[in-house]
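These notes concern the structure reproduced below.
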Amino acid sequence: MRTQTMVFTALFVLGNALPAWGSLPAEPAQPAPDSETPSMNEARPKPVTLPAPSRGQLLYENHCMACHESVVHIRTQQQARSLPALRVKVLHWAAYMQLRWGKEEVEDVVSHLDRQYYKFESR
């Protein structure tokens, strides 16, 4: 009698469980659209594009930042106190590093440093 009860209970449980498995939805339900979520027809925001680095910035980052970071340009006891003094410093270090920069490269680096750190032109 006890075996019959256990078999009946097992079949009853399986009988109730199996129909539920057969009625699972094929795809998950989609969430309700929020008012903040943009629809597919709305224009998506454009990606932010950063401006291209200047030639002076690239020269500076490739050749000068190996020895020092930008901290040297914002210290209180700056050695370059004018645009001509800054140009002399760039020429000195370009020659010391044997970079063989022409006038254009030197001026590009001086312009970058002035725009980024020193701001002699705007004083």
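The values are calculated or read from the model by the stated rules, or taken from the named source; none is laboratory data. On a predicted model such as this, the values are computed, not experimentally measured, just so you know. Positions of Cβ are backbone-derived with ideal geometry, glycine not excepted, and every protein chain shown enters the neighbour counts. Quick note on the areas: whole protein, heavy atoms, side chains included, nothing else; ligands and nucleic acids left out. Shrake-Rupley method; radii C 1.70, N 1.55, O 1.52, S 1.80 Å.
Here are some notes:
- Filter pass, residue 30 being assigned to a loop (DSSP other than H, G, I, E, B), at pLDDT 90 or above, surrounded by fewer than 16 Cβ atoms within 10 Å (Cβ to Cβ) and of a type in the set (S, T, N, Q): no
- Condition met for residue 101 (at negative phi and in contact (Cβ under 8 Å) with a residue 40 or more places away in the chain): yes
- Per-region count, segment 91-110, residues open to solvent by less than 50 Å² (accessible area, probe 1.4 Å), over 13 Å from residue 57 (Cα atoms) and assigned to a helix (DSSP H, G or I): 1
- Within segment 57-85, residues that are without any contact (Cβ under 8 Å) to a residue 40 or more places away in the chain sit with their Cβ atoms under 7 Å from residues that are open to solvent by 40 Å² or more (accessible area, probe 1.4 Å) and not in a loop (DSSP other than H, G, I, E, B), at 6+ positions apart or across chains, in these pairs: 79/89; 80/89.
- Residues being open to solvent by less than 80 Å² (accessible area, probe 1.4 Å) and within 19 Å of residue 65 (Cβ to Cβ) - total across segment 76-86: 3
- Which numbered condition residue 73 misses (of (1) open to solvent by 60 Å² or more (accessible area, probe 1.4 Å); (2) at pLDDT below 95; (3) not hydrophobic (A, V, I, L, M, F, W, C)): (1)
- Qualifying residue in segment 36-49 (condition: small (Gly, Ala, Ser), under 30 Å from the mean Cα position of the chain (by Cα), modelled with pLDDT under 85 and over 24 Å from residue 123 (Cα atoms)): yes
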